[in-house]
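Encoded as structure tokens, the structure appears first; notes follow it.
The values are calculated or read from the model by the stated rules, or taken from the named source; none is laboratory data. A quick note: this is a predicted structure, and the numbers were derived from the prediction, not measured. Counting neighbours? That spans all protein chains shown, and the Cβs are built from the backbone with ideal geometry, glycine included.
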Amino acid sequence: MDITEIVIEGDTPGIAWRLPVLHFSGNKPEAPKIYIQAALHAGELPGTALAHFLCERLRQAETEGAILSDIIVVPHANPIGAAQSHFGEMQGRFDLGSRTNFNRDFPLISLRDRDLLIENLERYPAVDRLKRQLINMALGADLVIDLHCDDESLQYAYIDEAFWPEAADLAAALKMEAVLLSDGESSAFEEAVSFAWKYEVPGEKKVPLPGKLSVTVELRGTRDVYPEMAKRDAEGLWRFLAARGAVRDESVNLSAFTGPAVPLDNIEMIRAPQAGTVLFHRNIGERVAEGDLLATIITAPGMPDGTIDVRAPQAGLIVTRVSDRLVRRRGDLMKIGCDKPSVATRKPGTLED
């Protein structure tokens with residue numbers, strides 16, 4: 001394993017961040033190149049724990065000559081967000097300076113313009129320099145895996161329809177409970193990577209993209225950071241790498257993915273009609289029927305008629321749930337994956353900011 005370090009100079013005097021990058025060299029030039037990163041939202045640590053144990057396995061494989069692909073692992077992709085603290089809490093999702101989500105506003109370029117990403121980097125603020133260097137590394141790979149987590153959630157992934165159903169092997173290897181099929185219309189990291197591949201020739205969209213994959217994996221919830229869980233996740237990702245010919249492990253035999261694969265238009269975003277204290281009646285992983293009681297919101301504690309019931313607009317699987325129990329008006333409560341499209345209007349792109 002070789003270790004390099006990207007140094008990101010701050011926008012004020014005396015500040016710099018260091019980003020370790022771990023490299024494993026493969027012995028089979030035609031094997032797919034791999035890029036894995038974790039904690040782009042700096043406080044989402046299940047992926048960092050997975051990367052720790054995966055690298056342990058990769059180092060062992062390296063001594064056995066079992067690494068076939070060139071593999072890059074960035075165990076914590078956002079040192080800038082990790083350094084942000086507000087009233088004692090890390091603020092790792094949004095850059096406090098620009099108020100931009102760290103997983104939005106990645107450059108949408110053609111693959112042929114990859115080298116332009118890191119030309120004259122000094123022209124850009126630190127956050128943009130970080131984003132440009134991350135996506136530049138990723139565009140040197142064939143399989144790109146961005147490890148995130150949700151608030152409270154099942155194990156699931158956002159996978160562009162351009163990679164489905166080929167990517168069902170990743171869902172099976174990680175034993176995902178659902179896949180959300182994205183439309184490729186945002187500037188999030190994994191969709192910026194797929195954009196560059198789709199428009200390798202500017203103006204000419206190429207889909208599907210066999211042999212390629214750029215995906216966001218949601219490793220359950222933010223508090224699901226445990227040693228045995230991380231080891232199982234690392235073993236799952238190892239199985240995927242073996243199945244795709246990136247590492248040699250003849251014992252791997254993937255079963256079929258049996259969970260639902262749901263287009264984003266079929267996701268019911270359950271939001272609070274008014275502010276108040278949330279009493280949940282249903283949990284993640286449960287299937288609900290149309291009209292089932294999902295939550296009660298106490299809008300006026302102690303008052304007659306001081307509650308509002310929130311019910312399922314249609315049948316489906318509860319994929320995520322918010323951990324906060326005091327919500328604002330229109331605050332997110334749940335995501336439910338359904339068989340039919342939601343009647344709510346959805347803009348192209350991501351479900352949340």
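Of all residues in segment 1-55, those that are part of a strand (DSSP E or B), farther than 22 Å from GLY65 by Cα and in contact (Cβ under 8 Å) with a residue 60 or more places away in the chain total 8. Scanning segment 80-95 for residues that are in a loop (DSSP other than H, G, I, E, B) and either surrounded by 14 or more Cβ atoms within 10 Å (Cβ to Cβ) or in contact with a Cys (Cβ under 8 Å, 6 or more places away or on another chain) (or both) yields ALA83, GLN84, GLN91, GLY92, ARG93, ASP95. Listed by first and then second residue, the pairs linking a residue in segment 329-347 that is at positive phi to a residue that is assigned to a strand (DSSP E or B) and surrounded by 15 or more Cβ atoms within 10 Å (Cβ to Cβ), with Cβ atoms under 6 Å apart and 6 or more places separating them unless they lie on different chains, are ARG330/ARG271.
Of the residues making up segment 265-319, those that are farther than 16 Å from GLU152 by Cα, in a loop (DSSP other than H, G, I, E, B) and of a type in the set (A, V, I, L, M, F, W, C) are ALA272, ALA275, ALA289, ALA300, MET303, ALA312, ALA315.
Against the conditions (1) in contact with a Ser or Thr (Cβ under 8 Å, 6 or more places away or on another chain); (2) under 30 Å from ASP249 (Cα atoms), VAL73 satisfies every one except (1).
The residue that is surrounded by the most Cβ atoms within 10 Å (Cβ to Cβ), counting only those in segment 1-46 that are closer than 23 Å to LYS131 by Cβ and of a type in the set (Ser, Thr, Tyr), is TYR35. You will find that of LEU294, LEU264, the residue that is free of Cβ contacts under 8 Å to residues at least 60 places away in the same chain, within 30 Å of SER186 (Cα to Cα) and surrounded by 18 or more Cβ atoms within 10 Å (Cβ to Cβ) is LEU294 and no other. Residue count for segment 220-263, restricted to those that are in contact with an Asp or Glu (Cβ under 6 Å, 6 or more places away or on another chain) and aliphatic (A, V, I, L, M): 3. A Cβ distance below 9 Å, combined with a sequence gap of six or more or placement on separate chains, defines the contacts here; from segment 100-114, residues that are over 12 Å from LEU139 (Cα atoms) reach residues that are of a type in the set (Asp, Glu) and in a strand (DSSP E or B) in the pairs ASN103/ASP146. Listed here are the helices (runs of 4 or more DSSP H) enclosed by segment 125-213 that have at least 3 residues being assigned by TED's automatic domain parsing to the domain that holds ARG114, farther than 21 Å from GLY81 by Cα and of a type outside the set (S, T, N, Q): 168-173, 189-198.
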